[in-house]
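S.K.: Before I ask anything, let me first share the structure, which is written out below as structure tokens.
Taken together, the values in this text are just the output of simple stated rules run on the coordinates, not laboratory data. Given the structure is predicted, the values throughout are model-derived calculations rather than measurements. We place every Cβ from the backbone using ideal geometry, glycine too, and count neighbours over all the protein chains shown.
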Amino acid sequence: MDKYNSIQKKLVELCERPHYCGIRHPSLSGTICEDLLIGYLRDLISGLKFNRGVVSFADKNKRGVELKKEDFSTQQDIIVYRGQPIWYIERIAIVHISQVVCVIEVKKWTTPNALRLESKQGKKLARVKQQFDKYSVPSFYVTYRFHDRLHNGVSWESESKKFFIDNAYCFFGKYTAQGNRNRYPWEESGWNDFNTPCRGQFEKLVNDIKKLK
């Protein structure tokens, strides 16, 4: 297995291990997924920086009370940018829009409904996309896993074609159930050799970001 698919497989397993160990907390799961992805992107892409945080649309000279709520984006899972941020502490950055290469929304799980523009998540993504489209900054979407409990034959490959964000990536689309629970990825057939239609999605993500440099 090549380097990129090995990393993709590792990302999928690491995102599920906390749940397997009994940690069932959506916010923590989201943070783990973001941190894992940031770490690998930093290792593989030189010349760009990766942080969660907020993007400033204001004049760079504005400070303090001169700044308004409307001058900032909502918090972004990952901001990909060049140069030094306006402000940085721990793992949070405020980055001026002129430095931003793209923004990435990260989800552990995605369902078909979440890919619809009319869904709660779809409306949120649409607002972010609209905000950044004004500055020709692309919005990326990454999900670690995709599943649908209701409809047979539904897959990431079929459903993502309907998605309104072009730069969308799924690291593991396989989903089956065992009794009343979802199988963990390492319990799925084809896991050992990572035999999944989603092979190559992490490499595609890395290459698509590199194209923006």
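S.K.: Aspartates and glutamates within cross-link reach of K68: Cα-Cα under 20 Å, excluding same-chain residues under 8 positions apart?
M.R.: Those aspartates and glutamates meeting the cut-off are D59.
S.K.: Give me Rg over Rh for region 88-179, both radii from the alpha carbons and Rh done the Kirkwood way, two decimal places. All intermediate terms of the calculation are to be shown ahead of the outcome.
M.R.: Values: Rg = 15.2 Å, Rh = 14.6 Å.
Looking at region 88-179, the ratio lands at 1.04.
S.K.: Sorting check: for 92-101, 186-195, 52-61, which peptide has the highest mean count of neighbouring beta carbons within 10 Å, and how do the rest follow? Mind dumping the intermediate values first?
M.R.: Working: 92-101: 18.5, 186-195: 12.4, 52-61: 16.8.
Per-residue mean Cβ counts within 10 Å order the peptides as 92-101, 52-61, 186-195.
S.K.: Mind checking which lysines have their Cα closer than 19 Å to the Cα of K210? Skip sequence neighbours fewer than 8 apart in that chain.
M.R.: K3, K49
S.K.: Separate question: Helix 3-20 versus the longest principal axis of the chain: what angle, 0 to 90°, nearest 10, using Cα atoms?
M.R.: 80
S.K.: Name all residues of region 47-64 having a backbone nitrogen under 16 Å from the label point set 7 Å from the Cα of D71 along its Cα→Cβ direction, giving them as ranges.
M.R.: Counting only backbone N, you get 54-64.
S.K.: When the expected Rg is taken as 2.2 N^0.38 Å, what fraction or multiple of it is the alpha-carbon Rg of the chain?
M.R.: Values: Rg = 17.8 Å, N = 213, 2.2 N^0.38 = 16.9 Å.
Against the compact-globule rule of thumb, the ratio is 1.06.
S.K.: Ok, one more. Could you grab the relative contact order for the chain? Cα pairs under 8 Å, six or more apart, rounded to a whole percent.
M.R.: Working: 328 pairs, mean separation 43.7, N = 213.
This gives 21 percent for the chain.
S.K.: Run the paramagnetic zone check for K161: 7 angstrom along Cα to Cβ, then residues of region 72-113 with backbone nitrogen under 18 Å.
M.R.: Answer for region 72-113: 112-113.
S.K.: Now a separate question. If you average the C-alpha positions of region 14-55 and of region 134-213 separately, how far apart do those two centres end up, in angstrom?
M.R.: Each part reduced to its Cα centre gives a spacing of 16 Å.
S.K.: Taking the Cα centre of the chain as origin, sum charge times position over the Cβ atoms of Lys and Arg (+1) and Asp and Glu (-1), and report the length of that vector in debye to the nearest 20.
M.R.: Numbers: 36 positive and 24 negative charges, 72 e Å.
Here the size comes out at about 340 debye.
S.K.: For the chain, find the longest principal axis of its Cα atoms and tell me its angle to the long axis of helix 120-133, 0 to 90°, nearest 10.
M.R.: Rounded to the nearest ten degrees, it is 40.
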